[in-house]
Amino acid sequence: MLAGGPLYAVQLVVNPSVPDTKLSPSTVRALFNMRLLQWSDGTPVRVYVLPDDNALHRQFCKRYLGVFPHQLRYSWNRRVYSGIGQSPHQVKNVEEMRQRIADTPGAIGYLPEDLIDDSVRAVEME
Amino acid sequence: MTAYEQSKWNRLAALLLAVVPGLAFAGENPEWFEGMQLHAFLSQGYVHTTHNRFMGDSEEGSLDFREAGVNLSLRPTPSWLFSAQLLSRKAGEMNDGSVNLDYGLVDFTPFSNETWRIGVIGGRFKNPIGLYNDTRDVPFTRPSVFLPQSIYWEKLRDIMLSSDGGQFHGEFFHGRHSLLLQLGIGRFTTNENLEWAYLGNDRPGEFENDGLSRVGRLQYEFEEGRVRLALSGIEANFRFEAEPGLPTVGSGKTRIDYWVASFQYNAERWSLTAEYMREPVEWQSYLPPALNDSREAEGYYLQGTWRITEALEVLLRYDAAYLDRHDRDGSRQSSLSGLPAHLYFSRIWSLGLTWHITSHMMLRGQFDIADGTAPLSGRENPDPTAMERHWKLFSLLFSLGF
């Protein structure tokens, strides 16, 4: 799975408690750049990502954010190591991603379409 | 290094070595608390130079280049952030490895949505200068073992590092464009390295802030940093208070401005980076009067990096620095001081290779061919006449981080 490409298309998912049902491309970029920190109802945003070299992560960066993984890493590192921000929570694999999003209010991440079940909710980008 | 410093370093290293691999393999961010994050890094360098001393006794091969840091941040609500980083840095004769508070701040960002963020920071914050200064001591945020000396001088690191004071920050987003403004005011961190850099040696007395200094950066980004343009600057005032009763050494004031223009383009496989710096410095009311002068230093570099695979990255860079841009070959300064002209300029070609062994482990090499010795510290090279104009550097850096 790591070496080859992902078999299913990547889909943005959130914890079912998240009030927003549609997100604009600029909102999605702001969320994953760690600069939009709360949902419309004030719940803190919790961002989950796979490692930089993961094929699904690369596909997500390209399709939803229009950036390369190294650009995101630069921006997260700059915030974290100068003390002005935090980085997303990194998970090891898609199973952990689904579990953490299902368990954490305000969570956002991404999954291959075939792994989406009732524990999480798919979100469309406008 | 004294035995005390050695033991202090060893204790910190042992602590980090015990903590880093454990956490790195246990998972990314320990979830003690959803809004809390812990990060740490540790690196050990090896530096070998054909001539001249850089980061210790490098002509014999030096291991006196180490960096270790640990930071903790807490975001109790989306508008408040508390963060602090402890840093230990051993850099030849310039930094002794003692533990310092790198930053310790409170950020309050009451206005925040997807089009703008506005807030204030209080405490010790990193000076936002150029593309790399904010995180210059964190190995995997740099492109090479050592940052380009024309902008990020090792011997001037301590003045550029951080401020104790307040900062305003505003971020504005529109479509694929973003603008970030940071404006800070405060007192800069000072130490003997500044005396060596601006007064030529460690004189009996104190080099300290003369009132408040200012720092700021305006940065434009297209498509989250595909194109990045920035203008940043420092306006710093220092005074030297000589110890009383020494007629040959007098007090005086030094005023330093520091301007950097930055450009970066990021493609999937390669990045191109260029920065240009000007630094007007003025010395006033010193004794002997010959010290009172003004000059404008200049530096620039052009750097290309190529990501051959996800794990391997090659770097090529040309870096030039002149202590007086109206005297690039150093001849005027040399005739005034009687010291070699190569002390006043440098032109350095660098070739680098980075291997990201895992996402927590990195090995990096850098090979430099240098003409001129301007970036080298007088503190490490106390006899300028013994220095060589043409020299080469080979360095390795091994880093762990999470």
Review point. Can you list the residues, at least 5 places off or on another chain, whose amide H is less than 5 Å from the amide H of residue B:270, using H built in the peptide plane?
Key: B:307
Check your understanding: For A:67-80, what's the mean count of beta carbons from other chains sitting within 10 Å of each residue's beta carbon?
Key -> 6
Exercise for review: Determine the relative contact order of chain B: mean sequence separation of Cα pairs under 8 Å and six or more apart, normalised by residue count, in whole percent.
Suggested key: 14 percent
Revision key, fill the gap. Shielding of A:28-37 by other chains, given as the mean Cβ count within 10 Å, works out to 5
Review point. In the full protein assembly as shown, how much of residue B:392 is accessible to a 1.4 Å probe, in Å² to the nearest 10?
Key: 90 Å²
Practice item. Go ahead and estimate [θ] at 222 nm for chain B from helices alone: -39,500 (n - 2.57) per DSSP H run with n ≥ 4, summed, over the residue count, rounded to 500. Key: -3000 deg cm²/dmol
**Study point:** Accessible surface of the range B:267-386 [probe 1.4 Å, protein heavy atoms]: carbon and sulfur percent
**Key:** 64 percent
Review point. Applying the Karplus parametrisation 6.51 cos²θ - 1.76 cosθ + 1.60 with θ = phi - 60° to the phi angles of the range A:12-18, what ³J(HN,Hα) value in whole Hz is obtained for each residue in order, glycine and proline being reported as x?
Key: 5, 9, 9, 5, x, 6, 5
Check your understanding: Quick one: accessible area per residue over the range B:336-385, 1.4 Å probe, rounded to a whole number of Å²?
Key -> 42 Å²
Study note, to complete from the structure: Given unit charges at Cβ for Lys, Arg (+) and Asp, Glu (-), the dipole magnitude of chain B about its Cα centre in debye, nearest 20, is 500 debye
**Study point:** Estimated vicinal HN-Hα couplings, Hz - the range A:118-124 in sequence order (Karplus 6.51, -1.76, 1.60; Gly, Pro = x)
**Key:** 6, 6, 10, 10, 6, 10, 8
Study note, to complete from the structure: About its Cα centre, the protein assembly as shown carries a charge dipole, from +1 on Lys and Arg Cβ atoms and -1 on Asp and Glu Cβ atoms, whose size in debye to the nearest 20 is 660 debye
Review point. Once a ≥ b ≥ c are taken as the square roots of the eigenvalues of the Cα gyration tensor of the range B:156-286, is the result rounded (a/c under 1.5), prolate (a/b larger than b/c) or oblate (a/b not larger than b/c)?
Key: prolate
Point to revise | Computed [θ] at 222 nm, helices only, for chain A once each DSSP H run of length n ≥ 4 contributes -39500 (n - 2.57) | key: -8500 deg cm²/dmol
Point to revise | Relative counts (whole %) of C-alpha pair distances in the protein assembly as shown, using bins that are 10 Å wide | key: 4, 18, 28, 26, 14, 7, 2, 0, 0
Revision key, fill the gap. Whole-percent carbon and sulfur contribution to the accessible surface of the range A:1-77 (1.4 Å, no ligands, DNA or RNA) stands at 55 percent
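In square nanometres, what is one fourth of the surface area of the convex hull spanned by the alpha carbons of the range A:10-125?
Here the figure is 6.5 nm², rounded to one decimal.
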Revision key, fill the gap. Filtered hits (lysines, Cα-Cα < 22 Å from residue B:126, offset >= 8 within chain) -> B:90, B:155
Revision key, fill the gap. Yeah, the range B:132-214 with a ≥ b ≥ c from its alpha-carbon gyration tensor (a/c under 1.5 is rounded, else prolate when a/b outruns b/c, oblate otherwise) is oblate
Exercise for review: Calculate one ³J(HN,Hα) per residue across the range A:47-62 by plugging θ = phi - 60° into the Karplus curve 6.51 cos²θ - 1.76 cosθ + 1.60, and present them in order as whole Hz with x for glycine and proline.
Suggested key: 9, 10, 9, 8, x, 3, 8, 6, 5, 5, 4, 5, 5, 5, 4, 5
Exercise for review: Check the straight Cα-Cα distances from residue A:92 and name the aspartates and glutamates below 20 Å, setting aside those fewer than 8 residues away within the same chain.
Suggested key: A:52, A:53, A:103, A:113, A:114, A:117, B:28, B:31, B:34, B:310
Check your understanding: Under the definition of partner shielding as Cβ atoms of other protein chains within 10 Å of a residue Cβ, what is the mean value for peptide B:79-85?
Key -> 3
Study note, to complete from the structure: Taking Cα pairs closer than 8 Å and at least 6 residues apart, the relative contact order of the range A:10-125 in percent is 47 percent
Practice item. Using the heavy atoms of the protein chains and a 1.4 angstrom probe, tell me the accessible area per residue for the range A:10-125 in square angstrom. Key: 34 Å²
**Study point:** Kirkwood hydrodynamic radius of chain B, Cα pairs, Å
**Key:** 22.3 Å
Review point. Once amide H atoms are placed 1.01 Å from N in the peptide plane, what residues at a sequence separation of 5 or more from residue B:250, or on another chain, have their amide H within under 5 Å of its amide H?
Key: B:287
Practice item. Give me the accessible area buried between chains A and B, both sides summed, with a 1.4 Å probe, in Å² rounded to the nearest 100. Key: 3900 Å²
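The values are calculated or read from the model by the stated rules, or taken from the named source; none is laboratory data. The shown structure was predicted, so the numbers you read here are calculated from the model rather than taken from an experiment. We place every Cβ from the backbone using ideal geometry, glycine too, and count neighbours over all the protein chains shown. The accessibility values were calculated without ligands, DNA or RNA, using every heavy atom of the protein model including side chains. Shrake-Rupley method; radii C 1.70, N 1.55, O 1.52, S 1.80 Å.
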